[in-house]
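Chemist: First the structure, then my questions, so here it is.
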Amino acid sequence: MTAYQSDFLRILSERGFIYQTSDDDALDKLFATESVTGYIGFDATATSLHAGSLIQIMMLHWMQQTGHRPITLMGGGTSMIGDPSLRDEARKLLTPADIDSNLAGIKQAFSSYLSFEEQGGSALMVNNADWLMDINYVEFLRDVGQHFSVNRMLSFDSVKLRLDREQSLSFLEFNYMILQAYDFTELNRRYDCRLQMGGSDQWGNIINGIDLGRRLDGSALFALTSPLLTTSSGGKMGKSASGAVWLNADMLGEYDFWQYWRNTEDADVERFLKLYTTLPMDEIARLGALQGAELNDAKQVLATEVTALLHGREAAEKAAETARVTFAEGQTAADLPTINIESAALDSGVGLLSLLVRAELVKSNGDARRGIKGGAVKVNDVSVADEKMVIDNSHCINDGAVKLSFGKKRHILVRKS
RNA sequence: GGAGGGAUUCCCGAGCGGUCAAAGGGGGCAGACUGUAAAUCUGCUGCAUAUUGCUUCGGAGGUUCGAAUCCUCCUCCCUCCA
């Protein structure tokens, strides 16, 4: 590990954010001597980002914390085309209205980590639709296209892998790296942006931007990539039992978000504390050194800290308390995720199967049946064997609510409305 | 333009007229063991008004008592030749 002079790179380095940079020394010098503007691009394909993007967001966060200016580049323009690598789904083209609402949803999460200009901070959010939508094809080819060598583009891993594997690569996708490179130069022109960050899979694209910047404007641009994140057992970041770990509270509640981090694998705890929390390094070292069951304490700290950054300290502690009551005491906490149901329905009784589906604990009646057969379903902490069970008012014993559980970890309260 | 090969359930991949809701693996979920961990073992993994019915094997037709499997046309992908 290089001994960096600048705060920004030193912090990123000791916390494990850095996979590679285009020019360690020059970049370090730049960050040590002036306030730098850097950016990361995000897709606008969903209404919320998920935990997989958190590492990028944290890099921007540290950038701002160390006195620099982060830019979040929203792919409003590139999303118009749709990422071809998503195959089937990519056929559905997003409408401008979709993209706008997605951008609004995504911005929600960012404002927890970054302080934007309208809130008196330095961070910027820009949309590449602003310049990509008006491009004139022939003009663009002449100005930008002439600087790209197809020979060289073919040598990039992202392209080579596809070709080697005999997978198709559309011309559209081939152009993606050109547009991304162009984004970088455009940000450089508009905002004096000097650095692009991203996952290590973005390396080739970022390098293209650097080259283009030098050729067009003679500017010195830099790349910094983060390691691709998987859990120690090889799983993808940001997936959980019920789907993606969304950052927006209306798509994934604080309690479920907290639970995701609480269930971190042992081997990942220290790594995640460094990446996803802002705790001081010596504190992390102490937590990471815990062994066996004690490591559970570290996991709780991890969950609470990560949740606090996103949803606020109060919500995080509430989630922690709910979890404590539910798991440590085996009680029914009043703050478990809750669904409401018409009181008339409960008066006449509701089938357990359909209730489980409504609570989104399972995805179909058949799924619910299987769960019951396998002993996974509990009503008010009592195992259920009868799939025809009907839930009515007599089951509302927890403060007027019924507690449904699927497995040991997923609980939900059903209340009358 | 010519010659071949291919498209199968979430993914990879078998199947090549009935016994196919479709082998095997991966992933996922649950159970056991634990520490709300990993590893391991076991079960499940299309939908439903559920000893039955319905929808699924790129798309549309056809042959047949019966098609993922055979035929025709179409779409897309790959390889080689031009």
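No value in this document is a laboratory result; all are computed from the given coordinates. Predicted model, so just to flag it, every value in this text is computed and none were measured. Methodologically, a virtual Cβ is constructed for each residue, glycine included, from the backbone with ideal geometry; neighbour enumeration extends over all protein chains shown.
Chemist: Could you work out how far helix A:203-217 tilts from the main Cα principal axis of chain A, as a 0 to 90 degree angle to the nearest 10?
Modeler: Tilt relative to chain A: about 30 degrees.
Chemist: Further question on the same structure: Rg to Rh for chain A: what is it, with Cα atoms only and Rh by Kirkwood?
Modeler: Here Rg/Rh amounts to 1.03.
Chemist: Determine, for each peptide in A:182-192, A:54-64, the mean count of other beta carbons within 10 angstrom over its residues, then list the peptides with the highest first.
Modeler: A:54-64, A:182-192
Chemist: Tell me which residues come under 5 Å, amide H to amide H, from A:Ser226 once H is placed; ignore anything under 5 positions away on its chain.
Modeler: A:Tyr19, A:Gly198, A:Gly199, A:Ser200
Chemist: Additional query: Return A:Trp261, A:Trp203 ranked ascending by Cβ neighbour count within 10 Å, so the fewest neighbours appear first.
Modeler: Sorted ascending by nearby Cβ count, the order is A:Trp203, A:Trp261.
Chemist: Next question. Whose amide H sits under 5 Å from the amide H of A:Glu387, counting only residues 5 or more places off or on another chain, with H placed in the peptide plane?
Modeler: none
Chemist: Ordered by residue, what ³J(HN,Hα) values in Hz, to whole numbers, does the stretch A:179-184 give under the Karplus form 6.51 cos²θ - 1.76 cosθ + 1.60, where θ = phi - 60° and Gly and Pro are x?
Modeler: Coupling constants for the stretch A:179-184: 5, 5, 4, 5, 3, 4 Hz.
Chemist: If you don't mind, there's one more thing I want to ask. Top mean-square fluctuation among A:Ile71, A:Ile339, A:Ile40, Gaussian network model of chain A, C-alpha springs under 10 Å?
Modeler: Ranking A:Ile71, A:Ile339, A:Ile40 by mean-square fluctuation puts A:Ile339 first.
Chemist: When the Kirkwood radius is taken over all Cα pairs of the stretch A:336-417, what Stokes-Einstein diffusion coefficient follows at 25 °C and 0.890 mPa s, in µm²/s?
Modeler: After rounding, the answer is 200 µm²/s.
Chemist: Compute, for chain A, the length of the dipole vector about the Cα centre, with Cβ point charges of +1 (Lys, Arg) and -1 (Asp, Glu) only. Units Debye, rounded to 20.
Modeler: 960 debye
Chemist: Just to confirm the number: angle between the C-alpha axis of helix A:313-323 and the first principal axis of chain A, 0 to 90 degrees, nearest 10?
Modeler: Approximately 40 degrees, to the nearest 10.
Chemist: Cut-off under 12 Å on the C-alpha distance; same-chain residues fewer than 8 positions from A:Lys408 excluded. Which aspartates and glutamates are left, in chain and number order?
Modeler: Here the aspartates and glutamates satisfying the reach criterion relative to A:Lys408 are A:Asp381.
Chemist: I want to verify a result. In a Gaussian network model of chain A, Cα cutoff 10 Å, which of these has the top mean-square fluctuation: A:Val269, A:Val306, A:Val325?
Modeler: Maximum fluctuation in the GNM of chain A, among the listed residues, is at A:Val325.
Chemist: What does the charge dipole of the stretch A:271-366 about its Cα centre add up to, to the nearest 20 debye, if the Cβ of each Lys and Arg holds +1 and the Cβ of each Asp and Glu holds -1?
Modeler: 360 debye
Chemist: Hey, could you grab the Kirkwood Rh for the stretch A:318-383? Inverse mean 1/r over distinct alpha carbon pairs, Å, one decimal.
Modeler: 13.4 Å
Chemist: Oh, and also: For the stretch A:333-388, run through the GluC sites (Glu not before Pro) and keep only the ones in DSSP coil with at most 15 other Cβ atoms within 10 Å of their Cβ.
Modeler: When the GluC sites (Glu not before Pro) of the stretch A:333-388 are filtered for loop state and at most 15 Cβ neighbours within 10 Å, A:Glu342, A:Glu360 remain.
Chemist: Let me ask another. Which of A:Gly75, A:Gly213, A:Gly292 moves the most in a Gaussian network model of chain A with Cα springs under 10 Å?
Modeler: Fluctuation is largest for A:Gly292.
Chemist: To the nearest 10 degrees, how steep is helix A:24-33 against the longest Cα principal axis of chain A, on a 0 to 90 scale?
Modeler: Its long axis makes an angle of about 90 degrees.
Chemist: How much of the DSSP beta bridge set in chain A is antiparallel, as a percent to the nearest 5?
Modeler: 45 percent
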